[in-house]
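Asks: After the structure tokens below, expect a handful of questions from me.
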Amino acid sequence: MKLAGRVVCVTGGARGIGAALCRRFVRAGAAAVYVADVAVAEAEALSRELGSSSVAIRCDVAQERDLIDLVARATSDHGRVDLFCSNAGIAVSGGLDAADADWQRAWTVNVMSHVWGVRAVLPQMLARGEGALLHTASAAGLLTSLGAAPYAITKHAVVSLAEWLAITYGAAGIQVACLCPQGVKTEMMSPGVFDKKAARAIQIAGTLLPPESVADAALLALEEKRFLALPHPEVAAQELSRAQDRDRWLAGMQRLWLRL
């Protein structure tokens, strides 16, 4: 999908990867970019920066009603939504000992918000025979995230959902892309977000990229109609190694975990 003239919604759009996506889409000539975020003041500040082609809207992705309202607002303003970016996500560390409330919050924000967003926007796309969905997952969704079971598992679910959508609706004109970065310089990498071992695993996995590089990779995947957007190209090699000899890959990850 080319972004020129398109109407775009980005959840978690006020900061980090979401803000970089919004900026990148505006530069690519999008007709309208809806900066959807629970942090209203930050969304409004970004919208002012981006100018008249941007609209800030409060959206708590843990509430399906907010996602329905986001799609309804953009559709009311412009008659359609061309690209829906399910980008909002949270980091949750811990293993089996993580509190049930943390598991549920990770599931709601990292997975169900994607389901709800697609559920709200897909009917109009199918009716037109055209539309695009961008799902921000993580390299953790292709590999894993040491020390952060709720995060790894929910990101795997996002990748699986995106694949299912591509298979089920690709022939109906729906383009699906899945963004899977490794370490990114965002608030998610701030001290205390992940526990020390999980944060250390991310840091040694590879280069921490700026959000702008991640947004560039997402735009390129959309324009080239590729499913996977991999800002860290080494992730593709790691996923291939994992698939070719899973026991060897698991043994290597076990050794890494013991060294953290």
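Asks: Quick test for you: out of A74, A106, pick the one residue that is of a type outside the set (S, T, Y), part of a helix (DSSP H, G or I), buried (at least 16 other Cβ atoms within 10 Å of the Cβ) and in contact with a Ser or Thr (Cβ under 9 Å, 6 or more places away or on another chain).
Replies: Criteria check complete, one pass: A106.
To keep it simple, each residue is scored yes or no on (1) acidic (D, E); (2) touching a strand residue (DSSP E or B) at 6+ places or on another chain (Cβ under 6 Å); (3) within 30 Å of K197 (Cβ to Cβ).
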position	(1), (2), (3)
Q104	no, no, yes
V115	no, no, no
V121	no, yes, no
L143	no, no, yes
P150	no, no, yes
I153	no, no, yes
T168	no, no, no
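Asks: Go through (1) touching a strand residue (DSSP E or B) at 6+ places or on another chain (Cβ under 8 Å); (2) open to solvent by less than 30 Å² (accessible area, probe 1.4 Å) and name the single condition G173 misses.
Replies: (2)
Asks: A further question on this structure: Filter region 249-258 for residues that are in contact with a Lys or Arg (Cβ under 9 Å, 6 or more places away or on another chain), open to solvent by 70 Å² or more (accessible area, probe 1.4 Å) and without any contact (Cβ under 8 Å) to a residue 12 or more places away in the chain and give the result.
Replies: Answer for region 249-258, where residues must be in contact with a Lys or Arg (Cβ under 9 Å, 6 or more places away or on another chain), open to solvent by 70 Å² or more (accessible area, probe 1.4 Å) and without any contact (Cβ under 8 Å) to a residue 12 or more places away in the chain: just L250.
Asks: Sticking with this one: Which ones in region 119-151 are buried (at least 22 other Cβ atoms within 10 Å of the Cβ) and part of a helix (DSSP H, G or I)?
Replies: Passing the criteria: A120, V121, M125, A139, A140, G141, P150, Y151.
Asks: In region 50-65, what residues are free of Cβ contacts under 8 Å to residues at least 12 places away in the same chain and in a helix (DSSP H, G or I)?
Replies: Hit for region 50-65 is R65, nothing else.
Asks: A further question on this structure: Can you tell me which residue is nearest to E212 (Cα to Cα) among those in region 25-49 that are of a type in the set (D, E) and free of Cβ contacts under 8 Å to residues at least 40 places away in the same chain?
Replies: It comes out as E49.
Asks: Let me ask another. Give me the pairs: first residue in region 1-18 and more than 13 Å from V121 (Cα to Cα), second residue open to solvent by less than 10 Å² (accessible area, probe 1.4 Å) and aromatic (F, W, Y), beta-carbon distance under 6 Å, and six or more apart or on different chains, which are they?
Replies: Going by the 6 Å Cβ cut-off, the qualifying pairs are L3/F25.
Asks: Same structure again: Does R58 satisfy the criteria of being open to solvent by 70 Å² or more (accessible area, probe 1.4 Å), over 20 Å from A215 (Cα atoms) and not hydroxyl-bearing (S, T, Y)?
Replies: It is true that R58 is open to solvent by 70 Å² or more (accessible area, probe 1.4 Å), over 20 Å from A215 (Cα atoms) and not hydroxyl-bearing (S, T, Y).
Asks: If A4 satisfies all but one of (1) buried (at least 17 other Cβ atoms within 10 Å of the Cβ); (2) assigned to a loop (DSSP other than H, G, I, E, B); (3) of a type in the set (G, A, S); (4) touching a Gly at 6+ places or on another chain (Cβ under 6 Å), what's the number of the condition it fails?
Replies: (1)
Asks: Open to solvent by 10 Å² or more (accessible area, probe 1.4 Å), of a type outside the set (A, V, I, L, M), at pLDDT 95 or above and more than 23 Å from R119 (Cβ to Cβ): does that describe R15?
Replies: Criteria met by R15.
Asks: Sticking with this one: Can you tell me which residue within region 211-242, out of those that are over 18 Å from the mean Cα position of the chain (by Cα) and more than 26 Å from I174 (Cβ to Cβ), is surrounded by the fewest Cβ atoms within 10 Å (Cβ to Cβ)?
Replies: The selected residue is L240.
Asks: Check region 195-208 and report whether any residue there is at pLDDT 90 or above, closer than 27 Å to W103 by Cβ and buried (at least 18 other Cβ atoms within 10 Å of the Cβ).
Replies: no
Asks: Is one or more of the residues making up region 152-162 open to solvent by 10 Å² or more (accessible area, probe 1.4 Å), at pLDDT below 95, of a type in the set (S, T, N, Q) and within 18 Å of A236 (Cα to Cα)?
Replies: No, region 152-162 contains no residue that is open to solvent by 10 Å² or more (accessible area, probe 1.4 Å), at pLDDT below 95, of a type in the set (S, T, N, Q) and within 18 Å of A236 (Cα to Cα).
Asks: Also: Looking at the structure I just gave you, is A229 modelled with pLDDT of 95 or more and within 19 Å of H156 (Cβ to Cβ)?
Replies: When the stated conditions are applied, A229 passes them.
The values are calculated or read from the model by the stated rules, or taken from the named source; none is laboratory data. Just so we're clear, the structure is a prediction, and the values are computed from it rather than from any experiment. Glycine gets a Cβ as well: all are built from the backbone with ideal geometry, and neighbour counts include every protein chain shown. Please note that ligands, DNA and RNA were not included when accessible areas were found on the heavy atoms of the full protein model with its side chains. Shrake-Rupley method; radii C 1.70, N 1.55, O 1.52, S 1.80 Å.
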